[in-house]
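Asks: Would you mind keeping the following structure in view while I ask a few things?
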Amino acid sequence: MSHWVLEEKNGSLAKITFADDPFRMNWVNEPHLWGEMAAPNGISCTSARTILQDDTLEETYIFTNESQETIFCDAGSVSISLPLNDNYLAADICLPQRCHAHVWCGGEVSWVLALRMGGQAPHLGMILTQGSLESYSIRRSLTESHCVSNTRGVVLLHPKEFSLAPEERKILRWRLFRHEGIEDWKRILKAYFGSLYITSEQWVAFHYDKVKWNGGFVDTSRTGEICQTFQSNGKSTTACWRIMPPATELLRRRAQFIVEKQQCMDTSSHLCGAYLIYDNETNKLCYSHDIPDHNSARERLGMGALVALACRHFNDEALEKSLWNYADFILREIYEEKTHTVYDDAGYMEERHRLYNEPWVAVFFMELFRVSHEPLWIKRAADVMENYYDRGGDRFYAIGIPMTSIVALLKEAGMTDRAEDMRHLFIHHAEKIADIGIHYPTSEVDYEQSIVAPAVNMLLMGYQLSGKHALLSAAREQMKLLILFQGMQPDYHFNEVAIRHWDGYWFGKRHMLGDTFPHYWSSLSGLAFERYGHITGEKEWLVRAEKNLRGSLPLFFEDGSASCAMVYPRSVNGVTAHFYDPWANDQDWGLYYYFQRE
């Protein structure tokens, strides 16, 4: 008896469900249709589906030239829609009813791994069996407010460019199948693709590092992108690595770039001293109070943390002078000493309070203590976090709360009583997170990797501060959800990089929605992996952590410039994509976390 429950509509699929799925999840994102075809004029599109004896669902897509002329189909001009149900609602809905869609267009070795967000089998997989997939695009809504950040959109698979003579046809064929999860999926890929299942010790490597993949060693003698073609049994595929300058040199160049080009030096402006967005196309600073994600605070606080960290690595007067000018700006415009309030923008401006901001200011103050050894700075970090909790932060999934570091540094500064007070606040927060469990509250995005990853990190730090095994157990359960976000494609854009698909819209110059591979907040997963590995002694988590944390580094370029997001798809809503956004905005947290691991 077949497991498939299919509902066809106009030759496409409106529903793909498994009969034994207790949640009756539809893997198709309604009202879109699975398998809709598009091609240039003169080409007819037909499809067929067959359930094979092994209960896999074979789909065949045929493009036939019905004109009297040869038709050239450029890359991206032909597509097949896969509206996988990858979108975010409240966690209690999307964990059983939505999926993470990992897509790999690797030529003749192409596949889709769809994992239910809650981790319960059965899951859905697709493997290409005939033809070649070159890339994918995204089509998504720009009008429905819920869809802007929460709905990933329809995946459009593009075959490699081809031409068709009159009456000639092109066939793409793949199999859909159910699987039990990531390990089962790996087993299936290895069995089907053999030596063309490419694995590597690292996908982002440093200049002259020795990096092994499953067929040899990567050439790291030059920096930049390295894509290799592999062939076996009549099939070919590609894998891509990124070779970076040595990590400390990357840090030096980036910090110098911030100091020289991203700090406002206009003494007549209230922004004097601020680190601001930099437009790599116009070579100018950018700022907007009306668009909060373009203002002088928020995520841009990562530049201050990074410059402070660089001051600890390098003896550089220019870096230190810039850092203290920035600290003056924060004290004058963003942080109010008397009330310990962190504001959303310069001038103590705050249309609404944003609980993400306090931990980032606390991290900056913590870094200033590490630079100066002046106890006032770590006291300010504690003050900020106490204010955060006074405002209800113990139920919020803030990004990057340095729980264990603040406690340790308060002790280092001789503030043992204050350290104990903060320890209790942090443990209380972790226990709240454990009580909520996987019933995550919605945030700026209804459900996302940067809700689950902070939860895991806070639970692990709570365990470290308390020794309460219930917190470690809670972290272990939520880690099962976190790993489902992580890509496993043989490409540095994806491998151990978390799925994110809205950041370029809010933080980039191009204001473009679409998959961002990589995006620096993916690093939050690596921090959780590394902490968990150190706590448990399971070294495989440390390996995963290193891969993940390196995954954000391609956002930084050899001259010290940077990009806030790499919008990966070939196109989004018909507009050419696959570019690094020109704005250096908020990405510096990725480089900061590569160096500053607790």
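The values are calculated or read from the model by the stated rules, or taken from the named source; none is laboratory data. The structure presented is a predicted model; accordingly, all values stated were derived computationally and were not measured. Glycine gets a Cβ as well: all are built from the backbone with ideal geometry, and neighbour counts include every protein chain shown.
Asks: From 135, 141, which residue is of a type in the set (S, T, N, Q) and either outside any loop (DSSP other than H, G, I, E, B) or in the same structural domain as residue 513 (by TED's automatic domain parsing) (or both)?
Replies: Just one listed residue meets the conditions, 135.
Asks: Listed residues 38, 90; which is in contact with a Ser or Thr (Cβ under 7 Å, 6 or more places away or on another chain), closer than 23 Å to residue 135 by Cα, among the hydrophobic types (A, V, I, L, M, F, W, C) and modelled with pLDDT of 95 or more?
Replies: Residue meeting the stated conditions: 38.
Asks: Against the definition (closer than 22 Å to residue 93 by Cα, touching a residue at least 60 places away in the same chain (Cβ under 8 Å) and touching a Phe, Trp or Tyr at 6+ places or on another chain (Cβ under 8 Å)), how does residue 16 come out, yes or no?
Replies: yes
Asks: Within region 585-596, identify whether any single residue is more than 20 Å from residue 205 (Cα to Cα) and either in contact with a Gly (Cβ under 8 Å, 6 or more places away or on another chain) or surrounded by 17 or more Cβ atoms within 10 Å (Cβ to Cβ) (or both), and answer yes or no.
Replies: yes
Condition check ((1) outside the structural domain of residue 457 (by TED's automatic domain parsing); (2) touching a strand residue (DSSP E or B) at 6+ places or on another chain (Cβ under 9 Å); (3) in a strand (DSSP E or B); (4) farther than 30 Å from residue 143 by Cα) across all residues:
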position	(1), (2), (3), (4)
493	no, yes, no, no
504	no, yes, no, no
514	no, yes, no, no
531	no, no, no, yes
534	no, no, no, yes
542	no, no, no, yes
554	no, yes, no, yes
564	no, yes, no, no
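Asks: Identify, please: which residue in region 237-276 is of a type in the set (Ser, Thr, Tyr) and either under 28 Å from the mean Cα position of the chain (by Cα) or in a helix (DSSP H, G or I) (or both) and is, among those, surrounded by the fewest Cβ atoms within 10 Å (Cβ to Cβ)?
Replies: Selected residue: 248.
Asks: Another question about this same structure. Would you mind stating whether residue 308 is outside any strand (DSSP E or B), buried (at least 16 other Cβ atoms within 10 Å of the Cβ) and in contact (Cβ under 8 Å) with a residue 40 or more places away in the chain?
Replies: Judged against the criteria, residue 308 is a match.
Asks: Of the conditions (1) surrounded by 16 or more Cβ atoms within 10 Å (Cβ to Cβ); (2) part of a strand (DSSP E or B), residue 173 clears all except one; give me its number.
Replies: (1)
Asks: Do we find a residue being more than 19 Å from residue 98 (Cβ to Cβ) and modelled with pLDDT of 95 or more anywhere in region 445-452?
Replies: no
Asks: Criterion first (farther than 25 Å from residue 247 by Cα, of a type in the set (Ser, Thr, Tyr) and at pLDDT 95 or above) does residue 326 satisfy it?
Replies: When the stated conditions are applied, residue 326 does not pass them.
Asks: Still on this model: Taking the stated definitions as given, is residue 439 outside any helix (DSSP H, G or I), of a type outside the set (A, V, I, L, M, F, W, C) and within 29 Å of residue 111 (Cβ to Cβ)?
Replies: no
One line per residue, one yes/no per condition, for (1) assigned by TED's automatic domain parsing to the domain that holds residue 30; (2) within 23 Å of residue 453 (Cβ to Cβ); (3) in contact with a Cys (Cβ under 9 Å, 6 or more places away or on another chain):
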position: 105; (1), (2), (3): yes, no, no
position: 131; (1), (2), (3): yes, no, no
position: 155; (1), (2), (3): yes, no, no
position: 161; (1), (2), (3): yes, no, yes
position: 169; (1), (2), (3): yes, no, no
position: 183; (1), (2), (3): yes, yes, no
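Asks: Suppose the filter is closer than 23 Å to residue 400 by Cβ and at pLDDT 95 or above; does residue 318 pass it?
Replies: no
Asks: Of all residues in region 361-387, which are in a helix (DSSP H, G or I) and either free of Cβ contacts under 8 Å to residues at least 40 places away in the same chain or basic (Lys, Arg) (or both)?
Replies: Within region 361-387, 365, 370, 372, 376, 377, 378, 379, 380, 381 meet the criteria.
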